[in-house]
Amino acid sequence: MRARARNRSIQRQITSLGMVLTGLVLTVFALGMVAHEIANRRQTLETSMTTEAEIIGANSAAAVTFGNETEANEILASLAASPDVLQARIFVPGGRVLGAYSPRTTSADCHRLSPAGRGWELRWCGAVLYRPILLHGETVGTLAMEVGLASTYRALAGTLAFSVLAAALAFGLSIPLWRRVAARVAGPLTRLVDITERVSREQDFRLRAPAGGSREVDALARGFNQMMAQLQQRDERLNHELSQRRQAEVRLNDLAYFDNVTGLHNRHYFRERIDAAVGRAARDGGSCALIYIDLDGFKQVNDSLGHDRGDEMLREVGRRLTETLRRSDGVCRLGGDEFAVIIDDNGHAAQVEAVAAKLVEVVAAPYRLGDRTAYVSASIGACLYPDDADDRDSLMRHADGAMYRAKQGGKNAYCLHHAGGDEPPSRHQQIEQTLRSALDAGQFHLAFQPQVAIPPDGAAGQRATVLGFEALLRWQHPTLGPVGPAEFIPIAEANGMIVPLGEWVLSESCKRLVLWRKARPALRLSVNLSARQLASVDAVERLCQVLRSSGLPPGAVELELTETLLVDRSDTMLARLHHLRQAGFGLAIDDFGTGYSSLAYLDSFPITTLKIDRAFVRNLSGAAHGDAIARAIVAIGDALEVEVIAEGIETPAQAAALRAMGCRLGQGYLFAPPMSEAEAARWIGVEATAGLPV
Ligand code: C2E
Ligand code: MG
Ligand code: MG
């Protein structure tokens with residue numbers, strides 16, 4: 001019960017308490033009123049009985065003295081005027097009743113009037129008064145009178161009813177009053193409690209308690225608000241510390257699992273990932289593959305361009321790997337210039353090989369590092385679980401071994417581990433693997449094929465007037481022997497190696513031309529240019545730079561572009577061609593007629609020469625319309641006012657036919673095959689160009 005009371009709101013408790021108090025006060029007040037009324041009534045009754053008894057006593061003194069019963073009875077009968085009188089007796093000494101009055105039967109009366117009675121006596125049923133009857137100061141008899149209390153009780157009941165009504169009214173009126181009091185006293189406290197509950201529910205320490213109500217509540221609110229301010233500060237500090245700790249955890253996690261240069265996963269993560277991949281493959285009967293990637297020549301980049309540029313390159317390598325692979329493939333940097341890829345999707349050897357080939361290609365593309373362009377390649381080894389390895393360790397060992405073989409084979413290549421043993425790489429792979437190092441190793445040299453004015457009689461050999469040479473690249477491979485450009489140029493184009501290679505060809509052939517022009521000042525040179533060399537404005541500018549630094553005049557060097565290059569009719573390409581022209585290069589379209597150049601656009605390119613492809617030259621002597629295309633090309637050249645050179649002239653008849661159709665310039669075995677530098681020098685009657693290693 002008490003506990004229930006404690007659980008009630010303070011407002012209700014105050015209201016209840018107030019009402020109980022009011023009830024008590026009103027009850028006491030009503031009881032007091034009744035007690036007072038009773039006392040009053042008693043006093044009044046006694047006084048009125050005494051007065052009446054004295055009158056009766058005085059009137060009956062003579063009758064008593066003379067023992068006159070009749071008179072005594074008559075005097076007593078006057079009491080009939082007082083309806084409350086229940087009975088009366090006049091006793092004479094000796095106890096005899098002289099007179100009696102009784103309006104009703106006395107049996108119901110509560111007193112038995114006795115001659116010995118004295119004074120005043122009050123009972124519930126009535127009040128009795130004994131009064132001596134005096135004559136000349138002497139007692140001659142006794143008057144006994146009993147009065148009923150009915151009217152007194154009625155009056156009392158009225159008073160009681162009035163008091164109860166008044167008290168009930170007062171009580172009723174006090175209820176709203178107490179409620180207001182309770183609300184006033186407890187309201188601020190209740191609001192404080194509400195705020196406290198909201199704080200604990202919403203954990204919002206910015207909430208504050210409103211002031212007001214009373215001094216005590218104000219003090220409580222102030223104390224509460226101070227506490228909240230402290231809590232808020234502590235909460236903010238805690239949140240700050242928590243967020244810092246979270247950041248620190250993320251950072252630690254990053255340090256633990258990520259490489260901070262490339263943002264890729266690190267060796268630590270790699271170990272977990274490869275374990276998971278092998279575990280999953282073993283459990284599900286699937287497969288996975290591990291690809292190790294080691295950069296070739298990264299040290300030189302680091303040494304020559306600095307570590308910042310080196311880091312930039314590593315980041316770019318990481319980006320290219322990530323972009324090339326699928327999201328599900330895990331790319332990690334194991335440290336230094338080593339990367340690893342985990343292919344975790346039941347791939348087959350062919351798929352892994354395709355991925356490895358693609359990675360070799362993307363890594364070999366040029367890197368723009370600040371204002372420099374740099375190159376790096378990748379040696380890649382791959383191994384499959386469970387085809388080539390039984391467990392994680394052998395998987396890693398074999399992938400590493402395969403990667404080592406790719407490096408040994410000449411770098412810039414991939415090798416797959418085969419459970420059967422180390423298969424020798426294919427010829428294509430060997431070329432791919434050794435191409436990059438070949439330039440540094442000095443395995444390339446140039447051949448020069450004369451371009452001549454076709455003699456009117458189609459005469460062969462040295463009798464034709466030489467106008468210049470076409471520089472043709474040659475590769476003396478250490479194990480494969482001579483490798484023709486038709487074989488290695490497409491590979492060099494695919495892996496980007498053509499750019500440094502092309503620069504080297506231009507630079508070397510310019511050096512020869514400078515020397516030869518001392519004896520034959522009008523001598524020209526044609527250098528083949530790959531589309532890839534025009535892909536960057538940087539590479540174009542470097543070609544111009546080579547020409548500028550050679551000191552050769554405009555027109556001395558012509559670049560041979562293939563027709564496919566002209567398919568790109570963008571403003572950028574056009575701007576680059578103009579750039580080359582302005583730098584002093586002549587521009588020839590090589591193998592004209594075999595590509596896709598639209599005659600409509602030919603006019604817009606700043607070309608200087610068309611080279612009739614040898615396929616059309618070969619047909620000259622045969623079919624009836626065999627010479628039609630060659631004739632058309634000559635006509636186009638005339639119309640565009642550019643020179644026309646026929647290549648692949650092998651017979652005097654071809655030379656004569658070309659000459660007849662107006663083609664004045666030619667190149668081919670009829671005059672001379674591509675020759676070594678010394679032979680070329682001799683061919684034009686110049687001493688061998690000693691001191692220039694090629
Ligand atoms: P191309 O520019 O059309 O070079 C002419 C090719 O025809 C040369 O082959 C040359 O040896 C050959 N040739 C010359 N006269 C005759 C002839 O009378 N009959 C026959 N059947 N062939 C003849 P090569 O040297 O094997 O070069 C092949 C191609 O490789 C070149 O075709 C050129 O597109 C490319 N190439 C060669 N050197 C370079 C280079 O330094 N840079 C670039 N980008 N490409 C090069
Ligand atoms: Mg050519
Ligand atoms: Mg050609």
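Could you give the size of the charge dipole of segment 512-666 about its Cα centre, using +1 on the Cβ of each K and R and -1 on the Cβ of each D and E, expressed in debye and rounded to the nearest 20? Computed charge dipole of segment 512-666: roughly 660 debye. Between His445 and Asp371, the simple label model (points 7 Å from Cα in the Cβ direction) yields a spacing of 3.8 nm. Counting alpha carbon pairs within less than 8 Å and at least 6 residues apart, what relative contact order, in whole percent, applies to the chain? RCO, the chain: 7 percent.
Given contacts defined as C-alpha pairs under 8 Å and at least six residues apart, what's the relative contact order of segment 364-403, whole-number percent? That works out to 33 percent.
If you take all other residues with their beta carbon under 9 Å from the beta carbon of Met661, and give Lys and Arg +1 and Asp and Glu -1, the sum is +1. If a/c stays under 1.5 just call it rounded; otherwise compare a/b with b/c (prolate if a/b is bigger, oblate if not). Do that for segment 535-592, with a ≥ b ≥ c from the square roots of the Cα gyration tensor eigenvalues. The shape class here is oblate. Per residue, the chain exposes 51 Å² of accessible surface when a 1.4 Å probe is rolled over the protein heavy atoms with every protein chain present.
Leaving out ligands, DNA and RNA, and with a 1.4 Å probe, what % of the accessible surface on the chain is carbon or sulfur?
Using a 1.4 Å probe with all protein chains present, the chain comes out at 55 percent carbon and sulfur.
Indicate the gyration tensor shape class of segment 334-414 (rounded, prolate or oblate), computed on the Cα atoms with a ≥ b ≥ c the square roots of the eigenvalues: a/c under 1.5 is rounded; otherwise a/b larger than b/c is prolate and the rest oblate. Prolate, because a/c is 1.5 or more and a/b exceeds b/c. Stretched out straight at 0.36 nm per residue, the stretch from Val181 to Phe162 would grow longer than its current Cα-Cα span by 4.0 nm. Give me the Debye-computed log₁₀ of I(q)/I(0) at q = 0.18 Å⁻¹ for segment 610-669, equal point scatterers on Cα only, no solvent, two decimals. Evaluating at q = 0.18 Å⁻¹ gives log10 I(q)/I(0) of -0.49. For segment 1-142, the spread of Cα coordinates along the three principal axes comes to 85, 31, 26 Å, biggest extent given first. Taking each residue as 0.36 nm, the span from His418 to Val28 lengthens on full extension beyond its C-alpha to C-alpha distance by 129.1 nm. Among complete DSSP H helices in the chain, those whose alpha-carbon atoms stretch at least 27 Å along the helix's long axis and whose mean Kyte-Doolittle hydropathy reaches -0.5 are 10-66, 150-202, 498-519. Across segment 176-213, the residues whose backbone nitrogen lies under 15 Å from the label position 7 Å along the beta-carbon direction of Leu242 are 200-206.
By how many nm would the segment from Ala62 to Tyr669 lengthen if fully extended, with 0.36 nm per residue of separation less the alpha-carbon distance? Gain on stretching Ala62 to Tyr669: 198.9 nm.
Can you classify segment 195-310 as rounded, prolate or oblate using the Cα gyration tensor, where a ≥ b ≥ c are the square roots of its eigenvalues, rounded means a/c under 1.5, and otherwise it's prolate if a/b beats b/c and oblate if not? Cα axes put segment 195-310 in the oblate bin.
Going down the list Lys511/Lys611; Lys358/Lys407; Lys299/Lys411; Lys299/Lys511, which pairs span over 20 Å between their C-alpha atoms?
As for pairs spanning more than 20 Å Cα to Cα, those are Lys511/Lys611; Lys299/Lys511.
Per residue, the average separation of C-alpha pairs within less than 8 Å and at least 6 apart gives segment 499-606 a relative contact order of 28 percent.
Note on segment 492-545: Kirkwood radius taken over Cα pairs, Stokes-Einstein applied at 25 °C and 0.890 mPa s, translational D equal to 204 µm² s⁻¹. In the complete set of protein chains, residue-level accessible area for Tyr669 is approximately 150 Å², probe 1.4 angstrom. Hand me the trypsin sites (Lys or Arg not before Pro) from segment 68-142 located in a DSSP loop with no more than 16 other Cβ atoms within 10 Å, in residue order please. Counting only loop positions with at most 16 other Cβ atoms within 10 Å, the trypsin sites (Lys or Arg not before Pro) in segment 68-142 are Arg104, Arg112, Arg118, Arg123. Under a model in which nothing but the beta-carbon of Lys, Arg (+1) and Asp, Glu (-1) is charged, the chain shows a dipole of about 2840 debye around its Cα centre. Applying a DSSP loop filter and a limit of 15 other Cβ atoms within 10 Å to the trypsin sites (Lys or Arg not before Pro) in segment 304-412 leaves Arg326, Arg327. Note on segment 573-683: along the principal axes its Cα atoms extend 41, 40, 21 Å, ordered by decreasing extent. Calculated FRET efficiency, Ala453 and Ser676, Cβ-Cβ r, R0 30 Å, to nearest 0.05? Calculated transfer efficiency: 0.80. Take the Kirkwood radius over Cα pairs of segment 274-366, plug it into Stokes-Einstein at 25 °C and 0.890 mPa s, and you get 173 µm²/s for translational diffusion. Expressed in units of 2.2 N^0.38 Å, where N is the residue count, the Cα radius of gyration of the chain is 2.50. Cysteines of the chain lacking any other cysteine Cβ under 4.7 Å from their own Cβ: Cys288, Cys332, Cys383, Cys415, Cys510, Cys544, Cys663. Of the residues Leu480, Leu599, Leu290, ranked by 1.4 Å probe accessible area with the largest first, the sequence reads Leu599, Leu480, Leu290.
Extending 7 Å from Cα along the Cβ direction at Thr70 and again at Asp204 yields two label points whose distance is 10.9 nm.
For segment 157-233, the Cα gyration tensor yields ellipsoid semi-axes of 44, 12, 6 Å (square root of five times each eigenvalue, largest first, whole Å).
Kindly state, as a whole number, the per residue volume in cubic angstrom of the convex hull around the alpha carbon atoms of segment 89-215.
Spelled out: Cα convex hull of segment 89-215, divided by residues, is 229 Å³.
Between the alpha-carbon centres of segment 370-390 and segment 554-580 there is a gap of 35 Å. Using the Kirkwood radius over C-alpha pairs as Rh, can you work out the diffusion coefficient of segment 433-590 via Stokes-Einstein at 37 °C, viscosity 0.692 mPa s, in µm² per second? The Stokes-Einstein estimate is 198 µm²/s.
The values are calculated or read from the model by the stated rules, or taken from the named source; none is laboratory data. What you see is a predicted model, and the numbers here were worked out from it, not measured in a lab. No Cβ is skipped: glycine too gets one built from the backbone with ideal geometry, and neighbour counts run over all protein chains shown. These accessible areas exclude ligands, DNA and RNA; they are computed on the full protein's heavy atoms, side chains included. Shrake-Rupley method; radii C 1.70, N 1.55, O 1.52, S 1.80 Å.
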